[in-house]
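Colleague: Structure provided below as structure tokens; questions to follow.
The values are calculated or read from the model by the stated rules, or taken from the named source; none is laboratory data. Remember, it's a predicted structure, so these values are computed and weren't measured experimentally. Cβ sites come from the backbone with ideal geometry, for glycine too, and all protein chains shown count toward neighbours. Accessible surface areas use protein heavy atoms only, side chains included; no ligands, DNA or RNA. Shrake-Rupley method; radii C 1.70, N 1.55, O 1.52, S 1.80 Å.
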Amino acid sequence: MTPPRTATGSATPSARSGRRRGARPGGGELLAAAVGAVPGGAARPGQQQMTEAIERSITSGEHLLVQAGTGTGKSLAYLAPALTVDGPAVVSTATLALQSQLVDHDLPRLADAVEPLLGRRPTFAVLKGRHHYLCLARLDNSTEDEPEDTLFDAPAARPGGGTKWLGEAGRLGKQIQRLRDWADETATGDRDELDPGVDDQAWRLVSMPARECVGAARCPFGAECFAEASRARAREADVVVTNHSLLAVDMIAGRHIVPPHKLLIVDEAHELADRVSSAAQAELVPELVDRSARRARPLLRPDVADRLTEAGDALAVGLAEAPAGRITAGLPAPLREACTLLDAATRAALDAMGDVKADDPDPVRKQQAKAVLDELSTTAQRLLEEADHDVAWVEKPENGTRRALVVAPLSVAGTLATHLYDERTVVATSATLALGGRFDTVARALGLDAPPPAPPSPAAAALAATASGGRRAGTPGPGSEAGATAVGVAVAAGSRAATGTVPATEGPGWRSLDVGSPFDYARQGILYVAAHLPRPSVSGLPEAAGEELLGLVGALGGRTLGLFSSRRAAQQAAELLRARTDLPVLLQGEEALPLLVRRFREERSSCLFGVMSLWQGVDVPGDACQLVVIDRLPFPRPDEPLAAARAAAVDAGGGSGFAAVSVPIAAVRLAQGVGRLIRATGDRGVVAVLDSRLETARGYGPFLRRSLPPFWYTTRPEVARGALERLAKA
């Protein structure tokens, strides 16, 4: 049996109330206990500063933006003060990797350390969307009327009209049987605890999206529901760990999913606005309309069901005729007609079905059918409305036949301003919150008012002073071997904390803080910009950039993470190195990403090349990764509908859409990519940007550089290659 992911099981009300009655230690004391429990552990200045700032926010109710660089130890910095609040504290993450780190490592370690201080062991729970949990109602019902949900690989006869899980000898049938066996053993029903796992097709058959759930009161398995049990555990835990997607759904749905709380910590906060946009996004897909019609057919008269099928066919025709990309001049006539037919057909079907009642023969299936039809109707109406606050586009992936008509909000800042901050204190943290040396861009994206103008920090001024090309203030010049050795090649004898990188600022009801990083970036790494290369213009990898890449990788002898703006550029780079070197080159897409990252760590001379999913979340400390190459500045592509629409809206208002939208997006992406290099105090290496605009663009070049860690900066290729050669010898 897989135990529930809590520190000591569910917290009891008496334990929780006991914590409130007694005198409680402060967050700083709890942090010190957690750090002291590690042999040789010592709190870092930035970590302590962050904990103290969060405690002040808990007391004052002010919201807080905290930029905490890699190596700060921000997880413990916010988990310790989270244990000082009444009721549960909620932590939201963007990635499964961070969620797993919190639940499997940081929270158990903290619970062990602070139990003597609190007089009890604090508890924690993970809260995910319903579709992450096994649904016993779906497991008990067949879907034999839906061919795409069949349980066998090849068609088979159904003796006697079929059985519930016909074809269990097939691949899916075996997986379903495994899930049936697991259902009798698991305490949580959480998919992440199923090892080995099952594929997505099998899991869809036994999980229930929230919109299709009838609720515990009307479900025959309501008393045993794993999703309901997870919510019950969350209500009694001291710390609830969830994800940005569920947090977004909770806000949009009126905040009834995540348990009531007074403190919300948003880690990886630079991702939140995009996740809220995704949650508020809707789409019409012909296959979904067709599947919904077949699911509803047993509950409808044939003529009503036929109208749904006809609407799906009209949508397929309209999408086939429409070009891919953003819709700027109103829905094309075929798509408008399809949406009109679909809206009318779904409304007629919903009226014909009536309400879900306790005495319905199959209330679960009826609720599923109604939920999908209601969503289709709402989406069709939204598209027909063509509101100014929405963006619509036709999606046609290059690989695959799936086509969709998509609608999403132009901005979610208003949604966040209305729903994120009310009746709770919010702490938003990330390694990349201050763009261009300021917090105002991220603050606006998160629905907070912009802060007053702040003077440039000493670090920002030093970076600006290097714009013409060679060094950070106070360091030896790049032309000398001594200078290149001192910065980015020799490990500092004792890393000094970088403090005051960005000045603290504030706005109405919020303030910001940059606690720096324990890394001495100016001595551990070099930022090299290939300013002599032509401005990138063509797609793929230009020949000159390819030669530059060869020279850099050859100087180090591998150990290179290549971050590319397109799959074509990554493939060309891999082909080039495979043809002209003997180095092992790993290319994203040729194997599963976790396997590629593991091989990159283990094979000392290997190179790993890939696209946007490698720009964040890849953590390879040590000498396995000492060169990060970025082929071009990661501006959004012109065919990214939301970014293009948001930029156009700014242009229409008299501003610069490129400066207000594209540059901040590039700044976040670039900072995340550059952050792959230095992951520990002993790391050394070079970040090489093969896009000359980072040096030559007078408008946005300095802004982008100020958004990066304060590496020693050069535009001289011989300096970068010399440093890499010394690293190779070391």
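Colleague: For the stretch 614-730, what is the accessible area per residue in Å² when the probe is 1.4 Å?
Modeller: The answer is 34 Å² per residue.
Colleague: In whole percent, and with a 1.4 Å probe on the protein chains, what portion of the accessible area of the stretch 376-450 is carbon and sulfur? Don't skip to the answer; put the middle values down first.
Modeller: Numbers: 1380 of 3030 Å².
Within the stretch 376-450, the accessible surface is 46 percent carbon and sulfur.
Colleague: Right, another one. For A592 and E385 in the same chain, what is the full-extension length gain: residue separation times 0.36 nm, less their Cα-Cα distance, in nm?
Modeller: Extending this stretch completely gives an extra 70.3 nm.
Colleague: Tell me which residues come under 5 Å, amide H to amide H, from G562 once H is placed; ignore anything under 5 positions away on its chain.
Modeller: When sequence neighbours closer than 5 places are left aside, the close amide H contacts are L608, F609, G610, V629.
Colleague: For R568 paired with D422, estimate the spin-label separation in nm (one decimal), with each label point 7 Å from Cα along the Cα-to-Cβ line.
Modeller: Taking the two extended label points, one gets 4.8 nm.
Colleague: Expected output is a single nm value to one decimal: the length gained when fully extending between D639 and A579, i.e. 0.36 nm times separation in residues minus the C-alpha distance. What is it? Spell out each step's value before the answer.
Modeller: Details: separation 60, 0.36 × 60 = 21.60 nm, distance 3.27 nm.
This chain segment gains 18.3 nm when fully extended.
Colleague: Given a Förster distance of 56 angstrom, what is the FRET efficiency for V38 paired with V317, based on the Cβ-Cβ distance and rounded to 0.05? Each step should come with its number before you reach the end.
Modeller: Values: r = 63 Å, r/R0 = 1.13.
Rounded to the nearest 0.05, the efficiency is 0.35.
Colleague: Once you've got the Cα coordinates, tell me which of K174/K357; K128/K370; K128/K366 are over 27 Å apart.
Modeller: Numbers: K174/K357 34 Å; K128/K370 24 Å; K128/K366 25 Å.
Long pairs (Cα-Cα over 27 Å): K174/K357.
Colleague: Right, next: Sort the stretch 578-647 into rounded, prolate or oblate with this rule: let a ≥ b ≥ c be the square roots of the eigenvalues of the Cα gyration tensor; rounded if a/c is under 1.5, and if a/c is not under 1.5, prolate when a/b is larger than b/c, oblate otherwise. Mind showing how you got there, number by number?
Modeller: Working: a/c = 2.34, a/b = 2.09, b/c = 1.12.
Judged from the Cα gyration tensor, the stretch 578-647 comes out prolate (a/c at least 1.5, a/b above b/c).
Colleague: Keeping all protein chains in position, work out how much accessible area S613 exposes to a 1.4 Å probe, and write it in Å² to the nearest 10.
Modeller: In the full protein context, S613 sits at about 60 Å².
Colleague: Which value, in Å² rounded to 10, gives the accessible area of D104 with a 1.4 Å probe and all protein chains present?
Modeller: Taking all protein chains as shown, D104 has close to 90 Å².
Colleague: Something else: For D360, D582, D303, write out the residues from largest to smallest accessible area, computed with a 1.4 angstrom probe and no ligands counted.
Modeller: Values: D360 30, D582 160, D303 80 Å².
Result of the area sort, largest leading: D582, D303, D360.
Colleague: Once you have the Cα-Cα distance between T681 and T378, take 0.36 nm times their residue separation minus that, and quote the gain in nm to one decimal.
Modeller: That pair, T681 and T378, stretches by 103.8 nm at full extension.
Colleague: Please sort 689-696, 265-272, 28-35, 649-656 by packing, taking for each peptide the average over its residues of neighbouring beta carbons within 10 angstrom, highest first.
Modeller: Those peptides, ordered most packed to least, come out 265-272, 689-696, 28-35, 649-656.
Colleague: At what distance in nm do the modelled label points of D104 and A324 sit from each other, each positioned 7 Å from its Cα along Cα→Cβ?
Modeller: Reported label-point gap for D104 and A324 is 3.6 nm.
Colleague: Same structure, new question: For the stretch 588-730, what class follows from the C-alpha gyration tensor (a ≥ b ≥ c being the square roots of its eigenvalues): rounded when a/c is under 1.5, otherwise prolate if a/b is larger than b/c, else oblate?
Modeller: oblate
Colleague: What FRET efficiency, computed as 1/(1 + (r/R0)^6) with R0 = 56 Å and r the Cβ-Cβ distance, is obtained for K357 and D192, rounded to the nearest 0.05?
Modeller: 0.95
Colleague: A further question on this structure: Specify the inter-centroid distance of the stretch 189-224 and the stretch 279-296, based on alpha-carbon positions, in whole Å.
Modeller: 20
Colleague: Highest mean first, what order results for 334-341, 378-385 on Cβ atoms within 10 Å?
Modeller: 334-341, 378-385
Colleague: Take the Cβ-Cβ distance between A333 and K174 as r, set R0 to 35 Å, and report the resulting FRET efficiency rounded to the nearest 0.05.
Modeller: In this case the efficiency is close to 0.15.
Colleague: Still on this structure, please answer the following. Give me the accessible area per residue for the stretch 246-321, probe 1.4 Å, as a whole number in Å².
Modeller: Values: 3110 Å² over 76 residues.
Spelled out: the 1.4 Å probe surface of the stretch 246-321, per residue, equals 41 Å².
Colleague: Near the amide H of V266, under 5 Å away, which other amide H atoms are found, from residues 5 or more places off or on another chain, if H is placed in the peptide plane?
Modeller: It is S92, V427, A428, T429, by chain and number.
Colleague: Across the stretch 232-240, in residue order, what do the Karplus-derived ³J(HN,Hα) couplings come to in whole Hz, using 6.51 cos²θ - 1.76 cosθ + 1.60 with θ = phi - 60° and x for Gly and Pro?
Modeller: Listing the rounded values in order: 5, 4, 4, 5, 9, 8, 6, 10, 10 Hz.
Colleague: So, one more: Given a 1.4 Å probe and the protein chains all in place, what does the accessible area of D181 round to, in Å² to the nearest 10?
Modeller: Its accessible surface works out to 80 Å², give or take rounding.
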